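The values are calculated or read from the model by the stated rules, or taken from the named source; none is laboratory data. Being a predicted model, the structure only gives us computed values, none of them experimental. Here Cβ is always computed from backbone atoms with ideal geometry, including for glycine, and neighbour counts include all displayed protein chains. SASA here: full protein model, heavy atoms, side chains in, ligands and nucleic acids out. Shrake-Rupley method; radii C 1.70, N 1.55, O 1.52, S 1.80 Å.
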Amino acid sequence: MRVPLEWLYEYCRPDLDTQVLAEGLAMTGTEVERVERHGVDALENFVVGRVIEAGRHPDADRLSVCLVDIGTDTPSQIVCGAPNVEQGQTVAVAKPGAVMGDGTKLGKARLRGVESDGMILAADELEIDTEHVGIMVLEENGLRPGMPLQEVLPIATDVLVVEVTPNRPDCLGIYGIAREVHAATQTPLQPPPWSQDPGSEGEIEDRITIAVECPRELCPRFTARVFEDVKLGPSPPWLKARLMAAGQRPISNVVDITNYVMLLTGQPLHAFDCDRIAGARLTVRTARPGEQVQTLDGQTRTLDEQMVLIADADGPTSIAGVMGGARSEVEPDTTRVLLEVANWDGANIHRTSLRLGLRSEASTRFEKQLQPEQALEAQAVATRLMIELCGARLVPGTIDIGGPGPAPRTIRLRDARVNSLLGAPIDRERSQRILGALEFATAQAQDGLDVTVPSFRRADVTREADLIEEVARLDGLQRLPATLPSRHGACGRLTDKQQLRRRAADALTAQGLHEIVGWSFVAPELSERLRIADRPAVELENPMSAEQAQLRTTLLGSLLDVARRNLARGADTVRLFEAGAVYLPSADGGLPDEPYTVAALTIGSVRPPSWRDPQPRVADFFAAKGVLGGLLDTLRIPWSVESQTTPEPFLHPGRAAAILIDGDRKVGWLGEVHPQVAARWDLRGTVAAFEIDFDAAAGAAIATPLYEDVTSFPEVREDLAVIVGEQVSAARVLSVVREAGAPLLEHAEVFDVYRDPERVGEGNVSLALRLSYRASDRTLTDEDVAPVRERIVAALGELGGELRG
C-alpha cells in the first residue's frame, strides 16, 4: 500500500524525518518496504501565476507568447503550446531551476526565436493527472501571483510503500496508518473522517429495492445510499493529486470519490448508475453454474455456484467484492447514483478472485476480512464528498441490511501475565496508554485491565496474548531484555531421529558435499524429464504457478537443477546433497506420506590429477557408492547394494543398484543417471547419484555399539578364485561366504574380476576373494581353517560356483 505523507499528515503529523518515521513504523510492526518521492522537486521554483497577455507566436501558429505575473517586479515571458491558455487565467508556473517529476531541470529556453522564461503547467506535468489536455487553470479563491504552489496543491510528497500483513486490514487505509503513527509517536490524532455523517437512517422511499438472498455469512452487511442531481465531471486537483500519489488513476469525480474513500478508510465502495439498474432492484445472491458477467475491464467472466454476485432484473451487474460490471457503471450522462458499501466473507472473496484470476484493490482488502461497521464509516465520508464535489442531493434514508457485527469482546489483561510473557515489567498505566492510543477501551480491574476490542481489530485480537503483543510492539520490542523462558522441566536435547539427521548432514559435508535446499513444489514436466510420468504424484488444487503444480516425489530433480546452474557458471566439479521430505500419495486417499529422504549427486573429478596419476578420476557408480558407504557406516547402519535388472527409469541400465538394509529390504537406489536424462539438463559426462529413505534406514541404525577387545592373535589370510554365473552378484557371493565362514571368518572382499569365455566359460565370471580368519583366544592353524574353508566351498557350490584351479 502507498501512503502519501501529505495525506497522512492531515490526520497525524509527527515532527520526524521521513526515514525516522519509516523506521519507527517498521519497529512497531508496520513494515515499510521503501520510501519513494512523488511529484516535483525544487519547490521554491513552482509558483502561482496570472496571465496578463496571451498572443500568437510570430513564427508558430500553435504556440502562444504570454506575459505572466509571478509576483516579481516585472512579468515573465513564457511561450506556451496549450490551446486553452487565455488572458486573465490563474495558472501554475514553473520557473527556471524547477525539477520536474522525471528529473528534468527546467532552464531558460528559446522557442522558434522567442525567449521563454519558465513553463505554464498542465496537470500531468505536476503528476496530479495522467492526461495532457491543456494547461491547468486554478480557481481564484484568494490566490495571488507569486504564492508558492505547494500551498495551493499537493505537488510533492514522500510516499511510504507499506507491506500490510494479512491480519491487519485496518492498516489498508490512510487513517488506519495514521492511528499507528499516533500510537508509535504520541503525536495527536485528528478525529476520524467519518465522525460526522451528513446522511440519515431509515428506508429510502420508492427509489431502489435491495434483497440479500445469499447466506448471511457470505454478506454480513449491505448498505446503500441514493444521490440525485449528480454533476459528473473531473475531480478537483487536490483529490487527483492524492489519488496519483497513492497509485490510482483519476477518472471522474464519482469514481474518484469511491477510490479516495477506499484508500482513506480501507473499505471499498461501488457506484451504480441508478437509471441503468433494471427493475430498480438489486439482488445479492450466489451465481448459477456457468453464469457470466462482463466486468469493468471489458472481460466476460464465467462464474460458479460458490461465487457471490449482485444482479438486477436483467442479470448479473457485478462480482461481489471483486469488480463491478460494465452494464451499470457510471457514465458521463449519469445524474442518479446508488452508492453501495457492503461487507463480504473474506475467504469467499479470496477464492473467487483466485478462480477468476482477477485481483483488484477491492478484493485485496475484502479477502483480509473487513468488519461490518466499516461500511457506514465509508458511507459517511463518501456522502460528504458527493455533496461537496458533485453537487449531489442525498435522498433521505440508508438501506442497511445486516447491521453491525457482534458485540465487542472484553478481555482481561493481567499485569502478572504481561510481565511473565515479556520477561520485563510493564507498568499498568503504560499498557493503558498504549491500548488507548490504538482505540482499545480500558477499565481498571483488580489484577490488571479489562480491555474492550474495537470492531476493526475484532478478527485479530481475540485473547490475552494478542493484547500483550500490542503492548510489546508499541513499547518497543528492541527494549525487552534477553531472558530465558520458564522451562518447567523442559528438555532441550535432540531426539534420536534429529541427532541421526544431523549426523547424516555432517557425514556428507565431511566428504566434501555441499548441501542445497530445493523447492517442494515442482512442475509436472519434471516427471516426464525423469521418465517417471506414470508415477503417481500429489497435485495441488491451488498452485502458485503452473511450474509448481505438483509436490516432488524425488530429490533428484532439484539436485540436477542446481548442478546445471553451477556447471553453467564455470564449475567443473559438483558434489551436492539434499535432505528433506518427498510426498507420495497415500493408498487410502488421505494425506500424502512424507518420508524424510537424503540424496546426493556428484559430477566431475573425484580425485584431482597429480604427477603420479596425470588423469583425474571421474565420478562414477563406485564414487557414489563410496559416498553412500561413508554416510551409512558413520551412522552404523548395516547395508548392502544389489544390482537391478529393472532399475529406476532415470538410471543407466547396468550401472544401477538397489540399496538394502536388513538383508533384503530396499530403502533407496544408487547409480549413474541415464545419459538421455542428464542431457535434458545439459549435463555432459557421468552423473552419479543416490537417494535413500532415511527414516526407513535409520530404524536399522545401531544405537548403542558393542565394542570388542582388540585381539593380540594374528590373522590367517588366503585368497580364493571362484567361478560363478554372470547372473550371480558379488554381494550374494560375499553374503554366502560370510555366513558359511562364521565365526572364524573375520573379513571377506572381492579384489579382482576376470572374464574369459575360453578359460572360465561363456556367461561366467571369476571372482577373486580375499579372506581373513582370526580367533580371539588363540593363534589359528591350518587344521582350524581347513573345515571353515570346506564349508565356504560347499556353500559356493550351492550357488553354482566352483573353485578355479
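Once the Cβ-Cβ distance between Ser200 and Ala441 is put in as r, and R0 is 35 Å, what FRET efficiency do you end up with, to the nearest 0.05?
Numbers: r = 27 Å, r/R0 = 0.78.
It comes to 0.80.
Among Gln267, Pro425, Ala392, which residue has its Cα positioned farthest towards the positive end of the charge dipole of the chain, with +1 placed on the Cβ of Lys and Arg, -1 on the Cβ of Asp and Glu, and the dipole taken about the Cα centre?
Pro425
Tell me the Rg and the Dmax, in Å, that the Cα atoms of region 728-785 produce.
Cα-based Rg and Dmax for region 728-785 come out at 14.3, 45 Å.
For region 696-805, what does the relative contact order come out to in percent, with C-alpha contacts under 8 Å and a separation of six or more? Kindly include the intermediate steps, with their values, before the conclusion.
Values: 159 pairs, mean separation 41.8, N = 110.
Dividing the mean separation by the residue count of region 696-805 yields 38 percent.
With an 8 Å cut-off on Cα pairs and a minimum separation of 6 or more residues, tell me the relative contact order of the chain in percent. Before the final figure, lay out the partial values.
Values: 1631 pairs, mean separation 64.9, N = 805.
So the answer I get is 8 percent.
Ser605 versus Ala742, label points 7 Å from Cα toward the beta carbon: distance in nm?
4.4
If Lys and Arg each add +1 and Asp and Glu each add -1, what is the summed charge of the other residues whose beta carbon sits under 15 Å from the beta carbon of Gly71?
-2
With Rg and the Kirkwood Rh both taken from Cα atoms, where does Rg over Rh land for region 211-300? The partial results should precede the final answer.
Working: Rg = 15.8 Å, Rh = 15.7 Å.
Rounded to two decimals, Rg/Rh equals 1.00.
Would you give the gap between the C-alpha center of region 284-341 and the C-alpha center of region 58-126, rounded to a whole Å?
If we compute the Cα centre of each part, the gap is 46 Å.
Rounded to the nearest 500, what is the chain's calculated 222 nm mean residue ellipticity when only DSSP H runs of at least 4 contribute -39500 (n - 2.57) each, over all residues? Numbers along the way, then the final one.
On the way: 20 runs with 203 residues, N = 805.
Helices in the chain give a 222 nm mean residue ellipticity of -7500 deg cm²/dmol.
Going by average Cβ neighbours within 10 Å, how do the peptides 103-114, 629-640, 686-697 rank, with the highest at the top? Write out the running numbers ahead of the final one.
Details: 103-114: 12.4, 629-640: 17.5, 686-697: 23.2.
Peptide ranking by packing, descending: 686-697, 629-640, 103-114.
So, for the chain, what is the accessible surface per residue at a probe of 1.4 Å, expressed in square angstrom?
On the way: 39590 Å² over 805 residues.
Value returned for the chain: 49 Å² of accessible area per residue.
With a point put 7 Å past each Cα toward its Cβ, work out how far Arg732 is from Thr573 in nm, to one decimal.
3.7
With the full set of protein chains in place, find how many percent of the accessible area of the chain is carbon and sulfur; take the probe as 1.4 Å.
It is 48 percent, rounded to a whole number.
Between Arg717 and Ala278, 0.36 nm times their residue separation minus their Cα-Cα distance comes to what?
On the way: separation 439, 0.36 × 439 = 158.04 nm, distance 10.15 nm.
Between Arg717 and Ala278, full extension yields 147.9 nm more.
To the nearest 20 debye, what is the magnitude of the charge dipole of the chain about its Cα centre, counting +1 on the Cβ of each Lys and Arg and -1 on the Cβ of each Asp and Glu?
Numbers: 84 positive and 119 negative charges, 193 e Å.
The calculation lands at about 920 debye.
Assigning unit charges at the beta carbon (Lys, Arg +1; Asp, Glu -1) and nothing else, what dipole magnitude in debye, to the nearest 20, does region 505-568 show about its Cα centre?
Values: 6 positive and 9 negative charges, 46 e Å.
For this selection, approximately 220 debye.
With a/c under 1.5 counting as rounded, go ahead and sort region 163-222 into rounded, prolate or oblate using the C-alpha gyration tensor (a ≥ b ≥ c being the square roots of the eigenvalues; past the cut-off, prolate if a/b is larger than b/c, else oblate). Kindly include the intermediate steps, with their values, before the conclusion.
Numbers: a/c = 4.64, a/b = 1.69, b/c = 2.74.
Since a/c reaches 1.5 but b/c is at least a/b, the shape of region 163-222 is classed as oblate.
For the pair Glu217 and Ser586, what calculated FRET efficiency results from E = 1/(1 + (r/R0)^6), where r is the Cβ-Cβ distance and R0 = 45 Å, to the nearest 0.05?
On the way: r = 32 Å, r/R0 = 0.72.
According to the calculation, E is roughly 0.90.
For the chain, take the longest principal axis of its alpha carbons; what is the angle in degrees between that and the long axis of helix 496-510, to the nearest 10 within 0 to 90?
Result, in degrees: 80.
Quick one: what Rg and Dmax do you get for region 557-701 from the alpha carbons, in Å?
16.1, 61
Go ahead and collect, in residue order, the members of region 666-707 whose backbone nitrogen is under 18 Å from a label point 7 Å along the Cα-Cβ direction of Arg755.
672
To the nearest 0.05, how large is the calculated FRET efficiency for Lys231 and Asp593 if R₀ is 56 Å and r is the Cβ-Cβ distance? The partial results should precede the final answer.
Values: r = 66 Å, r/R0 = 1.19.
With R0 = 56 Å, the Cβ-Cβ based efficiency is 0.25.
Assign one of three labels to region 43-154, namely rounded, prolate or oblate, based on the Cα gyration tensor with a ≥ b ≥ c the square roots of its eigenvalues; rounded applies when a/c is under 1.5, prolate when it is not and a/b is larger than b/c, and oblate otherwise.
Details: a/c = 1.35, a/b = 1.22, b/c = 1.10.
Taking the square roots of the gyration eigenvalues as a ≥ b ≥ c, region 43-154 is rounded.
Starting from region 563-614, pick out the trypsin sites (Lys or Arg not before Pro) whose DSSP state is loop and whose Cβ has at most 16 other Cβ atoms within 10 Å. Display every interim value, and only then the final one.
Numbers: sites: Arg564, Arg565, Arg569, Arg575, Arg612; in loops: Arg569, Arg612.
Taking region 563-614 and a limit of 16 other Cβ atoms within 10 Å, the loop trypsin sites (Lys or Arg not before Pro) found are Arg569, Arg612.
Net charge within 15 Å of Leu799 by Cβ-Cβ distance, Lys/Arg positive one each and Asp/Glu negative one each, not counting Leu799 itself? Before the final figure, lay out the partial values.
Numbers: positive: Arg732, Arg738, Arg791, Arg804; negative: Glu642, Glu726, Glu739, Glu798, Glu802.
Overall, the nearby charge balance is -1.
What is the Å³ per residue value for the convex hull set by the Cα atoms of region 436-514? Kindly include the intermediate steps, with their values, before the conclusion.
Values: hull volume 17.3 nm³, N = 79.
Considering the Cα atoms of region 436-514, their hull volume per residue is 220 Å³.
Starting from the Kirkwood radius over alpha-carbon pairs of the chain, derive D by Stokes-Einstein at 20 °C in a medium of 1.002 mPa s and give it in µm² s⁻¹. Walk me through the intermediate numbers first.
Details: Rh = 34.3 Å.
Translational diffusion coefficient: 63 µm²/s.
Translational D (Stokes-Einstein, µm²/s) of region 261-332 at 37 °C and 0.692 mPa s when Rh comes from the Kirkwood sum over C-alpha pairs?
Working: Rh = 12.6 Å.
Value of D from the Cα-based Kirkwood radius: 261 µm²/s.
Between region 362-378 and region 435-451, how many Å separate their Cα centres?
26
Lys/Arg Cβ at +1, Asp/Glu Cβ at -1, dipole of region 716-803 taken about the Cα centre: which of Val722, Tyr773, Gly763 is farthest positive-ward?
So the residue furthest toward the plus end is Tyr773.
Straight-line reach from Lys666: which lysines fall under 28 Å, measuring Cα to Cα and dropping same-chain residues less than 8 apart?
Partners found: Lys497, Lys625.
How much length would be gained if the chain were fully extended between Thr209 and Gln676, taking 0.36 nm per residue of separation minus their Cα-Cα distance, in nm to one decimal? Let's see the in-between values first.
Details: separation 467, 0.36 × 467 = 168.12 nm, distance 6.85 nm.
Separation in residues times 0.36 nm, less the Cα-Cα distance, equals 161.3 nm.
Can you give the local net charge around Tyr9? Use residues other than it whose beta-carbon is closer than 11 angstrom to its beta-carbon, Lys and Arg +1, Asp and Glu -1. Numbers along the way, then the final one.
Working: positive: Arg13; negative: Glu6, Glu10, Asp15, Asp158.
Spelling it out: positives minus negatives among the neighbours equals -3.
Average projected area of the Cα convex hull of region 410-474, in nm²?
Numbers: hull surface 14.9 nm².
With every direction weighted equally, the projected area is 3.7 nm².
How far, in degrees from 0 to 90, does helix 373-390 lean away from the longest principal axis of the Cα atoms of the chain, to the nearest 10?
Value to nearest ten degrees: 40.
Given the convex hull over the Cα atoms of region 527-579, what projected area results after averaging over all orientations, in nm²?
Values: hull surface 19.3 nm².
Mean projected area for region 527-579: 4.8 nm², to one decimal.
Projected onto the charge dipole of the chain (+1 at Lys/Arg Cβ, -1 at Asp/Glu Cβ, origin at the Cα centre), which of Gly233, Ala619, Val753 gives the Cα projection farthest towards the positive end?
Positive-most Cα among the choices belongs to Val753.
Along the Cα→Cβ direction, 7 angstrom out, place labels at Gln77 and Ala26. What is the inter-label distance in nm?
Modelled inter-label distance: 5.2 nm.
Which order do peptides 295-302, 306-313, 618-625, 213-220 fall in by mean Cβ count within 10 Å, highest first? Kindly include the intermediate steps, with their values, before the conclusion.
Details: 295-302: 14.0, 306-313: 21.5, 618-625: 19.6, 213-220: 15.9.
Highest-to-lowest ranking by the protection proxy: 306-313, 618-625, 213-220, 295-302.
At what distance in angstrom do the alpha carbon centres of region 249-266 and region 462-538 lie from each other?
Measuring centre to centre over Cα atoms gives 44 Å.
Relative to the longest principal axis of the chain, what angle (0 to 90°, nearest 10) does the C-alpha long axis of helix 782-798 take?
So the inclination is approximately 60 degrees.
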